[in-house]
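Engineer: For reference, the structure I am asking about is given below.
Every read-out reported here was derived from the displayed coordinates using simple, explicitly stated rules and does not represent laboratory data. Predicted model, so just to flag it, every value in this text is computed and none were measured. Cβ sites come from the backbone with ideal geometry, for glycine too, and all protein chains shown count toward neighbours.
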Amino acid sequence: MIGPANALHKLLDDYVIGHDDVKRALVLALVCREHVYLEGPPGTAKTRMAELLAAASGLRFFRTQLHRDTRLPELLGDVVIERSPLPDSDGEQIRHRIEPGRLLTAEVALLDDVSRAPGEALNVLLQVLNERRFEELILPLRCVIATGNPTDDAYANEALDPAQLDRFALQLRVSSLLTLEDPEPARRLLDRFADNDACEGSDPEALPAPVWTRDQLDDLHSALGRVEVPGHVRAALLELLRRLVTEYHCNDANSLLTDRTFLVKVLRMFRGSALLAGRTAATLDDLDLLVWMTTFRLPAAVHAALPRELAALRA
Ligand SMILES: Nc1ncnc2c1ncn2[C@@H]1O[C@H](COP(=O)(O)OP(=O)(O)OP(=O)(O)O)[C@@H](O)[C@H]1O
Ligand SMILES: [Mg+2]
């Protein structure tokens, strides 16, 4: 990874053991200004990685836990009551408006348990994520990280519906270190908390000082436009998407392969992936990030076959 991105990744490594894909996806999302959905069981450092990403990039951070009764002001800012005299009468007009704060002024936001938000809040969230505007206001929002627990019975958690899921260009599963074949990461985590001094300072939950500046981040973002996505990479992408439809029978009913995401946004993700690898043009290697883009968009068996398909494209 190039300079600042490398520093950020290294910092995440210093504080969080394992979850390498999630760390790389978070850095990519921040540079590309895309949103990420992380799904995994409780206590697998999802929140920790999101707050570290924001702290290490020196960006304004907003964090909220969504619940069945989440009201708009909890997400958007305090309600202000404005009184103004009514012309030609003794009466007054009372108006409620939201003083922009929270998600509306954040640059990085963490929305925990996003699927629990009630309809009204969810609709506004989707609009804000998609358009990065609220009414007349253009938002500074770069990257939203939304989390959810697995949607199986054990967690009584609802799945995001397709329109919601499509807001998150990147979507990854986060697994407990205890489920990995390699016991080393779990041992390192145990050791980390057995010896607090191994972490910076003595508090393993402390937040770091920024390792890159907003300007560096902006420069990286502008550099995206100068990265080329050559014709053979675009052809390979189309070939893969075509195979998903013809060989794996992906369709509107079982998959979420939207034109917006796979024919438009994907290019920016390829550019980001190439840029972070220090290249000025995308290569077939950048297609690997399709695995992060399809975790919950494809049937599980098809998603599992994707690495094999990607290897075949490269061969
Ligand atoms: N891989 C890890 N590396 C370092 N610390 C970890 C790791 N996994 C868990 N922790 C510790 O466990 C705490 C709990 O993690 P966190 O709150 O981020 O989990 P979560 O996935 O957001 O859980 P929930 O779904 O309940 O919100 C972290 O603050 C951190 O102290
Ligand atoms: Mg959490």
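Engineer: Could you list which residues have their amide H under 5 Å from that of residue 147, counting only those 5 or more apart in sequence or on another chain, with H placed in the peptide plane?
Structural biologist: 38, 111, 112, 113, 114
Engineer: Helix-only mean residue ellipticity at 222 nm, the chain, DSSP H runs n ≥ 4 weighted -39,500 (n - 2.57), per residue, nearest 500. What is it?
Structural biologist: So the helix-based figure for the chain works out to -12000 deg cm²/dmol.
Engineer: Where is the GNM fluctuation largest for the chain (alpha-carbon springs, 10 angstrom cutoff): 108, 27, 128?
Structural biologist: 128
Engineer: Here's another thing I want to ask about it. How would the range 51-145 be classified by its alpha-carbon gyration tensor: rounded, prolate or oblate, with rounded meaning a/c under 1.5 and the a/b versus b/c comparison settling the rest?
Structural biologist: Prolate shape, in that a/c is at least 1.5 and a/b is the bigger ratio.
Engineer: Now for a separate question. Where the only charges are on Cβ atoms (+1 Lys, Arg; -1 Asp, Glu), what is the dipole of the chain about its Cα centre, to the nearest 20 debye?
Structural biologist: 900 debye
Engineer: Please give the direction-averaged projected area of the C-alpha convex hull for the chain, in square nanometres with one decimal.
Structural biologist: Taking the Cα atoms of the chain, their convex hull projects to 20.4 nm² on average.
Engineer: Please arrange 75, 30 by how many other C-beta atoms lie within 10 Å of their C-beta, fewest to most.
Structural biologist: So the residues, fewest neighbours to most, are 75, 30.
Engineer: Run the numbers on the chain and let me know its relative contact order in percent, using alpha-carbon pairs under 8 Å that are six or more apart.
Structural biologist: 23 percent
Engineer: Only Lys, Arg, Asp and Glu count, each charged at its Cβ (+1, +1, -1, -1), so figure out the dipole size of the range 232-315 about its Cα centre, rounded to 20 debye.
Structural biologist: Here the size comes out at about 220 debye.
Engineer: Quick one: of the DSSP bridges fully inside the chain, what percent are antiparallel, nearest 5?
Structural biologist: Counting only bridges with both partners in the chain, antiparallel ones make up about 35 percent.
Engineer: Any idea what diffusion coefficient the range 1-84 gets from Stokes-Einstein, in µm²/s, Kirkwood Rh on alpha carbon pairs, 4 °C, 1.567 mPa s?
Structural biologist: Approximately 87 µm²/s, per Stokes-Einstein.
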